[in-house]
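Report on the structure given below.
Nothing in this text is a laboratory measurement; each read-out follows from the coordinates by a stated rule. Because the structure is a prediction, the values reported are computed rather than measured. With ideal geometry, Cβ positions are generated from the backbone for all residues, glycine too; neighbour counts draw on all protein chains shown.
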Amino acid sequence: MAEALTIGTLRRQMAASLAAAGVETPDLDARLLLAQALGCAPGDLLLRADAPVPSEAEVTARAFTKRRAGGEPVARIRGRREFWSLDLHLSPDTLVPRPDTETLVEAALAALPDRTAPLSILDLGTGTGAILAALLVECPNATGIAVDRSEGAALTARANLARNGLAARAHVMVGDWGTALAGGFDLVVSNPPYITSSAMLDLPAEVRLHDPHLALEAGADGLLAYEAIAADLPRLVRRGGIAVLELGEGQEAAVAALVAAAGLEVAGPARRDLSGIPRALLARRG
């Protein structure tokens, strides 16, 4: 009788397959995907290394391995991603929240004089709802509105806010940026599309083939979304309020010029992400 396949053996087999396919982090990816297939935490795999793998979980794990070896991101396969220590579910209509975007959250929080105040927050192009969810967690008396052009993304954001206990303080709507809103927000944040049409072809396959192009592409110069948002900021941001926009690489000067032309005061250089790239531009309305 054949010896039962153990969790530890399957994990090693998965990692070897991923390494052979050129995946950069085969051991980590194997752990995450096997844990997903087993329905357990990745940290439990070591404790269960000698336990036999249920046949259904093996089939699922091997299918996950094939998808990852083919270039599909781990977060897409798992259908979830952690952001600001929050568990967020993904959908085909949303980007995978990235660590770079936490720089925007940091910049916004650093600029708020009182996180316990009853703040009103607007998140334009919310996607998974990651930014608004993080800000509401850190600002316990704040309320927020999240807007996305995609109905699927809006539904995903609404579910994520509810999943993290924030539904009572958030409203999610489908719309074209802030055009349908009267304004008066203490804080406006956005991680808009900023990839130029020509650069779309050069994106890594994991992004180009699996992220929604609606949330990535922003015209010939990558500024279409910024132009629309900047034009509305004088109405959307109350006097004394702030706006924080995520930037693409090399876009700081152009976006700062758009925001300044709209009448807001750019508050110094953009906050840099962990790679040293200017990532979060902050502006105030006087």
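Okay, here's what the table says:
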| item | result |
| --- | --- |
| Burial ranking of peptide ranges 27-34, 246-253, 51-58 (average Cβ count within 10 Å, highest at the top) | 27-34, 246-253, 51-58 |
| Protection proxy ranking, peptides 227-238, 197-208, average beta carbon neighbours within 10 Å, highest first | 227-238, 197-208 |
| Neighbour-count order for Ser85, Ser91, fewest beta carbons within 10 angstrom listed first | Ser85, Ser91 |
| Whole-angstrom Cα spans of the range 57-200 along principal axes, big to small | 51, 35, 26 |
| Proxy reagent accessibility, fewest Cβ within 10 Å first, across Asp44, Asp211 | Asp44, Asp211 |
| Counting DSSP beta bridges with both ends in the chain, the antiparallel % (nearest 5) | 40 |
| Hull shadow area, averaged, the chain [alpha-carbon convex hull, nm²] | 15.9 |
| Low-density loop positions, chymotrypsin sites (Phe, Trp or Tyr not before Pro), the range 183-263 - DSSP coil, at most 11 other Cβ in 10 Å | none |
| Percent RCO, i.e. relative contact order, over the range 89-284, from Cα pairs under 8 Å lying at least 6 residues apart | 22 |
| The range 11-164 - share of DSSP beta bridges that are antiparallel (%, nearest 5) | 45 |
| Taking the range 1-79 and dividing mean pair separation by its residue count, relative contact order in percent (alpha carbons under 8 Å, at least six apart) | 39 |
| Helix-derived mean residue ellipticity, 222 nm - over the chain, DSSP H n ≥ 4, -39500 (n - 2.57), to 500 | -11000 deg cm²/dmol |
| Within the range 236-265: backbone nitrogen closer than 18 Å to the Ser198 label point (7 Å, Cα to C-beta) | 248-252, 254 |
